[in-house]
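Worksheet: the structure to be examined is printed underneath.
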Amino acid sequence: MDRTDQLPPKPDPQTGQPRPPSAPLVESMGKEPDERSRETSSKRKPKPPEGRGPTLEWYQPRRGPVLISAVIVAIGIVALAALQNWTMQGLLAWYVWPWPLAFVAIMYFKFRGRVIAGGADWYFDGKHWVDTYDLKQVKVNTGPGRLDLVLKDRSERIVVTTCLVIESNRKLWDLVYNGIAHSAQDHHVETNQAARQYLHLPL
């Protein structure tokens, strides 16, 4: 990406045309888009930020995968606690379970109503939004079994989204990635090694 004219053009803020081509997926995430989840969220189409073009794509993660992941983590916590005493009897102790169960409940209710969305030049993570063509920071943070995309624009707005979630709507990811690529090309954007590796950004 040495010249801006080698990148797909920026879509029109109102029409979203021309749509960007398919963006590269994060290497460890090969999941196909979950169109059923997108359909269930169509009744909850988020409004665009004030002064921005219309919402073009949106996605609401299903609660099932989130719940399953939380249960697996909770079981792991309990198992580690039991193994510290080198006895499986620890699994039956009443005081071992409240915190893991509380973790499962928090994860379930935290993500049950979250809807992410994007327009031609903006992205909303369910709480905050950024201008995807005016980014000053693009990072990918790694964690146990997950990769988080962190975007910060020049107005100091920050969004954080799990890569698997945002890539589940491929058309939304295409819009966001095109903005990331233009920002990396046009501005001095702070990145980390994981962002350059997984998002194929220039050094």
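The values are calculated or read from the model by the stated rules, or taken from the named source; none is laboratory data. None of the values given here were measured: they were computed from a predicted structure. Because the Cβ atoms are built from the backbone with ideal geometry, glycine has one as well, and the counts that use them run over all protein chains shown.
Data for the structure
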{"item": "Boolean, Gln185 is farther than 22 Å from Leu56 by Cα, outside any strand (DSSP E or B) and not aliphatic (A, V, I, L, M)", "result": "yes"}
{"item": "Residue within segment 194-201 that is buried (at least 20 other Cβ atoms within 10 Å of the Cβ) and under 22 Å from Pro11 (Cα atoms) present", "result": "yes"}
{"item": "Single residue of segment 188-203 satisfying the filter (in a helix (DSSP H, G or I) and aliphatic (A, V, I, L, M)) that is nearest to Ser155 (Cα to Cα)", "result": "Ala195"}
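Okay, residues lined up against (1) among the charged types (D, E, K, R); (2) more than 22 Å from the chain's Cα centre (by Cα); (3) part of a helix (DSSP H, G or I); (4) at pLDDT 65 or above:
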position	(1), (2), (3), (4)
Met1	no, yes, no, no
Gln17	no, yes, no, yes
Glu39	yes, no, yes, no
Arg52	yes, no, no, yes
Gly64	no, no, yes, no
Gly76	no, yes, yes, yes
